[in-house]
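Take a look at the structure set out below.
The values are calculated or read from the model by the stated rules, or taken from the named source; none is laboratory data. This structure is a prediction, so every number in the text was calculated from the model and none was measured. Counting neighbours? That spans all protein chains shown, and the Cβs are built from the backbone with ideal geometry, glycine included. In case anyone asks, the SASA skips ligands and DNA or RNA and just uses the protein heavy atoms, side chains included. Shrake-Rupley method; radii C 1.70, N 1.55, O 1.52, S 1.80 Å.
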Amino acid sequence: QVQLVESGGGSVQPGGSLRLSCVASGINFRAYTMGWYRQAPGKQRELVATLTIGGNTNLADSVKGRFTISRDNAKNTVYLEMSSLKPEDTAVYYCNGRGIIANYWGQGTQVTVSS
């Protein structure tokens, strides 16, 4: 059974920081491109960041310079370090694992940026 379990969401003031974690089980983690997506109320889900098995990263323009994606293959975990958070970063953040023929999603974790 494949599971992607996110943690680390919460409420933070503008300018603050959070670190999201996603632990994967039931997949060959090293063979998957891992990523983070987000969905704000009334909006479509959008890409935040991805990290390939080869170490190539892709970040949305809106988060470049503020967010960092990393992975620990020994722990089957992908991280999203978020700093200088803005109210427009408020969304449910979803972990994604994409293989050659499979694509998996976590349940999401809420991030709220508000004063």
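Candidates are the residues of the range 43-68 that are exposed (fewer than 13 other Cβ atoms within 10 Å of the Cβ) and modelled with pLDDT under 95; the one that is farthest from the chain's Cα centre (by Cα) is Gly54. Within the range 93-105, is there a residue that is over 18 Å from Val5 (Cβ atoms) and among the basic types (Lys, Arg)? Checked the range 93-105: no residue is over 18 Å from Val5 (Cβ atoms) and among the basic types (Lys, Arg). Among what's in the range 1-25 and is over 11 Å from Gly106 (Cβ atoms) and open to solvent by 60 Å² or more (accessible area, probe 1.4 Å), pick the residue that is modelled with the lowest pLDDT. Among those that are over 11 Å from Gly106 (Cβ atoms) and open to solvent by 60 Å² or more (accessible area, probe 1.4 Å), it is Gln1. With respect to the stated conditions, Arg71 is under 11 Å from the mean Cα position of the chain (by Cα) and basic (Lys, Arg). Contact map, the range 73-91: first residue touching a residue at least 40 places away in the same chain (Cβ under 8 Å) and surrounded by fewer than 22 Cβ atoms within 10 Å (Cβ to Cβ), second residue assigned to a strand (DSSP E or B) and among the aromatic types (Phe, Trp, Tyr), Cβ cut-off under 8 Å, separation 6 or more or different chains; pairs are Glu81/Phe67; Ser83/Phe67.
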